[in-house]
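What follows is a single structure, and I will ask about it in a moment.
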Amino acid sequence: MTGARSSGLSRRAFCLCCLASSGFAATGGLSPRQAFAEARGLVSLIKDSAATSPIVVHKLRNNISALEGSGGNIAVLTGPDGKVLVDAGIGVSRPQLMKALTDLSPEPVSTLINTHWHFDHTDGNTWLNSVGAKIIAQDNTRKYLSEVQRVEDWDYNFIPLAPGGMPTETFADALNLKFNGVSLELKRYAPAHTDSDISVNFAEANIVHVGDTFWNGIYPFIDYSTGGSIDGTIAACDANLAAATADTIIIAGHGQPISNKSELKAFRDMLVGVRENVATLKRQGRTRDEIVAAKPTAAYDAKFGAFVIDPGFFTRLVYEGV
Ligand SMILES: [Zn+2]
């Protein structure tokens, strides 16, 4: 499918972070907590949206594809060992996702890897496990999925996943696997978007899924409730850039899924620029609301502010970490 069309779709493919901030934007001067308290029906809204969103398939190379339209972007490796998925999307997308997967190849899903614990990347774990997928993740993903998680910036408590959706193989820092003749390198980031983030590198194909450390062309959510920070997100971008070559296909967690080193560099430079502007204002003693009003993201809004993590919400997230 063409870039223009899938770009349009991605803007309608809601994720939790996006709708939460959209709720915030719609409620004007309320604090995030007040705004999100008014928006407690959002998870149902997101599920309703995912239930009808189409799945867009981007075929890449070496039997690897990216699927867009159910929460975070999903990577799929096909082959005789069974399909390997990176991220599970939202459970109610099962019919569309199943059809997209079956259209790619006949074999079942044997393995699912979660890039981090967030709902829009793990809600589909339970159904995927019920059709045979073994689930692999970083230790903290399993920990967070097994407890009630309070995300302050959404004012929302996430309940634990059903037992079948829990990762059964976890690792601390790195794990190397081989499926369908492809070497998969799973590597933990230092705390970035959360403290459970990993990258999944399909080595021979030179394709890497970097999870939510990269939101392609849009302002990102940063989850301070489970160890994320603006500085950690910048450090993760630097690690991604150091590992990439001009030929690397980089799959972003949100936004257009198919990306590259130069788009990642632009995202990293935006993070650094906004961080610097917000830190300068904070050092001058300005309050959070004064800093939001000063529009420290202005130079980047035309390029990154069109999605639903709007400039004010992103400024607040940066403010929290500088
Ligand atoms: Zn996330």
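Run the 1.4 Å probe and let me know the accessible area of D269, rounded to the nearest 10 Å².
Spelled out: D269, probe radius 1.4 Å, area about 60 Å².
How tilted is helix 261-283 with respect to the longest principal axis of the chain? Cα atoms for both, answer in degrees (0 to 90, nearest 10).
30 degrees
How many percent of the accessible area of the stretch 180-322 is carbon or sulfur, using a 1.4 Å probe? Working shown, then result.
Details: 2600 of 5000 Å².
That share works out to 52 percent.
Over the stretch 180-233, how many percent of alpha carbon pairs lie in each 10 Å bin up to the one with the longest distance?
26, 44, 24, 6
Using a/c under 1.5 as the rounded threshold, could you call the stretch 138-266 rounded, prolate or oblate? The axes a ≥ b ≥ c are square roots of the C-alpha gyration tensor eigenvalues, and prolate needs a/b larger than b/c, oblate otherwise.
Numbers: a/c = 2.09, a/b = 1.26, b/c = 1.66.
Oblate, because a/c is 1.5 or more while a/b does not exceed b/c.
How big is the gap, in Å, between the Cα center of the stretch 229-262 and the Cα center of the stretch 122-159?
The stretch 229-262 and the stretch 122-159 have Cα centres spaced 24 Å from each other.
With each label point set 7 Å from Cα along the Cα-Cβ vector, what nm distance links K265 and A51?
Going from the K265 label point to the A51 one covers 4.6 nm.
Which of the three applies to the chain, rounded, prolate or oblate, going by the alpha-carbon gyration tensor with a ≥ b ≥ c and a/c under 1.5 meaning rounded? Walk me through the numbers before you get to the answer.
Values: a/c = 1.66, a/b = 1.44, b/c = 1.15.
Taking the square roots of the gyration eigenvalues as a ≥ b ≥ c, the chain is prolate.
Give me the net charge of D212's neighbourhood, meaning all other residues with Cβ under 11 Å from the Cβ of D212; Lys, Arg count +1, Asp, Glu -1.
On the way: positive: none; negative: D87, D120, D197, D223.
Value of the local net charge: -4.
Please report the relative contact order for the stretch 52-142, taking Cα pairs under 8 Å with a sequence separation of at least 6, and give it as a percent rounded to a whole number. Numbers along the way, then the final one.
Values: 184 pairs, mean separation 22.1, N = 91.
Once normalised by length, the contact order is 24 percent.
Right, here's the next one. Keeping every protein chain present and rolling a 1.4 Å probe, give me the accessible area per residue for the chain in Å². Mind dumping the intermediate values first?
Numbers: 12200 Å² over 322 residues.
With the other protein chains kept in place, the chain gives 38 Å² per residue.
A further question on this structure: Taking all protein chains in place and a 1.4 Å probe, what share, in percent, of the accessible surface of the stretch 96-145 do carbon and sulfur account for?
Ligands and nucleic acids excluded, carbon and sulfur reach 58 percent.
Turning to a different aspect of this structure: Give the lysines whose C-alpha is closer than 29 Å to that of K303, dropping any in the same chain fewer than 8 places away, or say none.
K47, K59, K261, K265, K282, K295
Follow-up question, since we're still on this one. In the stretch 116-208, which GluC sites (Glu not before Pro) are in a loop and have at most 16 other Cβ atoms within 10 Å, using DSSP for the loop call? Intermediate values should be presented prior to the final figure.
Working: sites: E147, E152, E169, E185, E204; in loops: E147, E204.
Loop-located and lightly packed - E147, E204.
Pairs of Cα atoms under 8 Å, at least six residues apart: use those to get the relative contact order of the chain, whole percent.
14 percent
Follow-up. Beta carbons within 10 angstrom, averaged per residue: use that to sort the peptides 49-62, 227-240, highest first.
227-240, 49-62
Another question about this same structure. What does the C-alpha gyration tensor say about the overall shape of the stretch 42-186? Classify as rounded when a/c is under 1.5, otherwise prolate if a/b is larger than b/c, or oblate. Before the final figure, lay out the partial values.
On the way: a/c = 1.94, a/b = 1.23, b/c = 1.58.
Verdict is oblate for the stretch 42-186.
Which order do the peptides 100-108, 83-91 take when ranked by the mean count of other beta-carbon atoms within 10 Å per residue, highest first? Present the calculation step by step, with values, prior to reporting the outcome.
Values: 100-108: 15.1, 83-91: 27.4.
In decreasing order of mean packing, 100-108, 83-91 become 83-91, 100-108.
The values are calculated or read from the model by the stated rules, or taken from the named source; none is laboratory data. Computed from a predicted model, the values in this text were never measured in an experiment. Glycine gets a Cβ as well: all are built from the backbone with ideal geometry, and neighbour counts include every protein chain shown. Ligands, DNA and RNA are excluded from the accessible area calculation, which covers all protein heavy atoms including side chains. Shrake-Rupley method; radii C 1.70, N 1.55, O 1.52, S 1.80 Å.
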